[in-house]
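**Q** Sharing a structure here in structure tokens format.
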Amino acid sequence: TIYGQGFGNVRGQTKVIFRTDNEADYNFPEECATSVWSDNQIVVKVPRYALEGMNALKIVFADRPYISASEPFQVTDDPLPPSICKISPTVARPGTPIQVWGEYFRAYDNSLSRFKFSQNINATTTNWSYNNSNGYSSATSTLPTSTVSGPVQIINGTGASNSLNLQV
């Protein structure tokens, strides 16, 4: 997830580039089609042929100068952690069911699989789905009482996902 401002609300002809010429992968589950690009946040996948190590990132616009990321992105050959590309709703009150969609959630593990809300508040899931053939996944949890606005992640045995923001 790339955070910032002025990205525009649709991708259009804008590209995210790793190093000098590896364009990001924009293929996501159908549920995420309208949620991966907004004016203040972009969700992309590392391109298949990205080189291991530190990769400079830049966002190339069709109609204005490109933007370079303030810090490089580390590419490794570690197993893919979960990745989320949509959260619904994006504004909620405690007690509301929250659903996320993405990839690589893997099989549910009662001791490891969970939601992580802002300020390290963990929550169990009420529904966990993983399609082994394409990696597409979804999970649902109920927003805990003590949750405040901030990032939401999915945690599993391979690590923590990228985060998407939830307003409480």
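**Q** Considering only residues of the range 1-25 that are crowded, with 18+ Cβ neighbours inside 10 Å and of a type in the set (F, W, Y), which is farthest from N55 (Cα to Cα)?
**A** Going through the qualifying residues, I end up with F7.
**Q** D63 is checked against (1) modelled with pLDDT of 85 or more; (2) under 17 Å from the mean Cα position of the chain (by Cα) and fails just one. What number does that condition carry?
**A** (2)
**Q** Oh, and also: Under 8 Å between Cβ atoms, at least 6 apart or on separate chains: pull out the pairs that start in the range 49-64 with a residue that is on the phi > 0 side of the Ramachandran plot and end on any residue that is among the aliphatic types (A, V, I, L, M) and part of a strand (DSSP E or B).
**A** So the pair list comes out as G53/V75.
**Q** Please go through the range 109-150 and give me each residue that is without any contact (Cβ under 8 Å) to a residue 40 or more places away in the chain, among the hydroxyl-bearing types (S, T, Y) and touching a strand residue (DSSP E or B) at 6+ places or on another chain (Cβ under 8 Å), ordered by number.
**A** Across the range 109-150, the qualifying residues are T124, T125, T126, S129, Y130, S149.
**Q** Touching a Leu at 6+ places or on another chain (Cβ under 8 Å) and under 25 Å from Y3 (Cα atoms): is that true of V168 in this structure?
**A** On the way: touching a Leu at 6+ places or on another chain (Cβ under 8 Å): yes; under 25 Å from Y3 (Cα atoms): yes.
Answer is yes for this residue.
**Q** Another question about this same structure. Counting residues that are among the acidic types (D, E), surrounded by 12 or more Cβ atoms within 10 Å (Cβ to Cβ) and touching a Cys at 6+ places or on another chain (Cβ under 8 Å), which strands (runs of 3 or more DSSP E) fully inside the range 113-161 reach at least 2? It would help to see each step written out before you state the result.
**A** Working: elements: 114-117, 121-123, 127-130, 136-142, 150-156.
Filter on the range 113-161 gives an empty set.
**Q** Still on this structure, please answer the following. Within the range 87-111, how many residues turn out to be outside any strand (DSSP E or B) and open to solvent by 70 Å² or more (accessible area, probe 1.4 Å)?
**A** 7
The values are calculated or read from the model by the stated rules, or taken from the named source; none is laboratory data. Since the model is a prediction, treat every value here as computed from it, not as a measurement. Don't worry about glycine lacking a Cβ; one is built from the backbone with ideal geometry, like all the others, and counts go over all protein chains shown. Protein only, heavy atoms only, side chains kept; ligands, DNA and RNA dropped before computing areas. Shrake-Rupley method; radii C 1.70, N 1.55, O 1.52, S 1.80 Å.
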